[in-house]
Amino acid sequence: MLALTELGQRLRQERESKGLSLEDLQKLTKIQKRYLLGIEEGNYEVMPGKFYVRAFIKQYCEAIGLDTDAIFEEYKSDIPSTQTEDMPQQLSRVRSRKEIPQHTKGVSKAYDYLPTVLVVAGVVVVGIIIWVIAQNIVSDKNKEQANQEAPNSEVQQSNTQEETNETTAKNDNSKSEDEQSAADKKEQEKEKAEKEKAAKEKAEKEKAEKEKKDSGKQEYKEVQKTGRSATYALSGTDAFNLEVTSTQADTWLDVKNGKGNAFFSSILKKGETKEFDLTKETEARVNIGYSPGVELKVNGKEVDLPFDSSKQVRQVVTIQYQPAEAQ
């Protein structure tokens with residue numbers, strides 16, 4: 001096993017302090033585990049090329065919340081400079097002479113089967129002719145039999161017509177009853193749908209009025225900002241509900257109260273939302289490992305992250321909460 005470089009040892013310690021395995025890091029960065037291990041061991045020979053070394057180290061640092069520029073400056077002796085690699089030579093498209101006989105050999109085999117195909121086709125044609133003649137003979141016999149049975153058929157047809165009329169009358173009565181039942185059922189369903197719609201509209205109206213009332217009182221303002229950390233004060237409300245959603249990629253999320261007790265400390269997957277009821281807390285600290293695409297909501301209202309996520313990947317947001325009743 002290779003000895004760890006100072007950079008590799010620093011990265012491994014930071015990863016393990018976050019509780020991340022190499023498999024977790026592979027999911028976050030989309031970099032194969034063997035390349036991540038190569039970075040930690042300083043074994044850059046396993047990389048697909050030296051061009052990728054700096055890019056992979058940069059993604060590794062961003063995923064675990066380290067300042068990339070500072071790391072590259074501090075450990076520049078451990079990180080190789082970018083080198084241009086030779087492009088692979090294009091494969092020749094010239095066909096060898098050995099391929100041509102293989103092609104003509106396949107054509108000659110097709111000609112060998114031609115007599116058999118012709119014989120089978122002839123048998124099929126003869127069979128079709130025999131079938132057509134047989135159908136014509138059967139058709140003529142059926143016509144003669146129909147002419148002989150015509151008188152009896154008229155009597156039977158008359159009786160059948162009377163039975164049909166009776167059956168039709170019964171079906172009409174049954175159909176009328178079914179239609180009435182269906183109409184009643186449809187009317188009941190319509191009334192039920194209207195009641196549900198009215199109840200839903202009433203609930204939405206009450207919710208909107210409550211949110212409007214709360215939003216008029218709630219105040220969320222910046223207290224201080226330094227480095228990658230910012231502090232905000234939440235007041236004018238009797239609730240402290242926090243929602244965190246990651247829309248672009250997996251990210252490390254750590255949510256603690258002012259006493260250091262963790263509510264969540266793991267990976268927040270792409271498209272996943274975590275909700276926290278912090279009404280009983282006076283302070284919450286939100287540590288985001290990869291901020292691009294992360295959305296924060298306080299009491300259902302979206303709030304901006306303190307820093308530009310394209311410039312500050314890792315961000316720490318502290319929210320100090322003072323209930324309205326305590327003010």
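The values are calculated or read from the model by the stated rules, or taken from the named source; none is laboratory data. Quick caveat: nothing in here was measured; it's all calculated off a predicted structure. Quick reminder, even Gly has a Cβ in these numbers, built from the backbone with ideal geometry, and neighbours come from all protein chains shown. To get the accessible areas, we keep the full protein, side chains included, count just its heavy atoms, and leave off ligands, DNA and RNA. Shrake-Rupley method; radii C 1.70, N 1.55, O 1.52, S 1.80 Å.
Structure values in brief
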{"read-out": "Filter result for K311 (charged (D, E, K, R) and either modelled with pLDDT under 90 or more than 20 Å from R15 (Cα to Cα) (or both))", "value": "yes"}
{"read-out": "Which listed residue, of A324, A262, is of a type outside the set (D, E) and touching a helix residue (DSSP H, G or I) at 6+ places or on another chain (Cβ under 9 Å)", "value": "A324"}
{"read-out": "Out of K274, K256, K269, sole residue that is in contact (Cβ under 8 Å) with a residue 12 or more places away in the chain and touching a Leu at 6+ places or on another chain (Cβ under 9 Å)", "value": "K274"}
{"read-out": "Per-region count, region 279-303, residues touching a strand residue (DSSP E or B) at 6+ places or on another chain (Cβ under 6 Å), assigned to a loop (DSSP other than H, G, I, E, B) and in contact (Cβ under 8 Å) with a residue 60 or more places away in the chain", "value": "3"}
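Yes/no per residue for (1) farther than 22 Å from G236 by Cβ; (2) charged (D, E, K, R); (3) open to solvent by less than 50 Å² (accessible area, probe 1.4 Å):
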{"residue": "T273", "(1), (2), (3)": "yes, no, no"}
{"residue": "R285", "(1), (2), (3)": "no, yes, no"}
{"residue": "V298", "(1), (2), (3)": "no, no, yes"}
{"residue": "D308", "(1), (2), (3)": "yes, yes, no"}
{"residue": "P323", "(1), (2), (3)": "no, no, yes"}
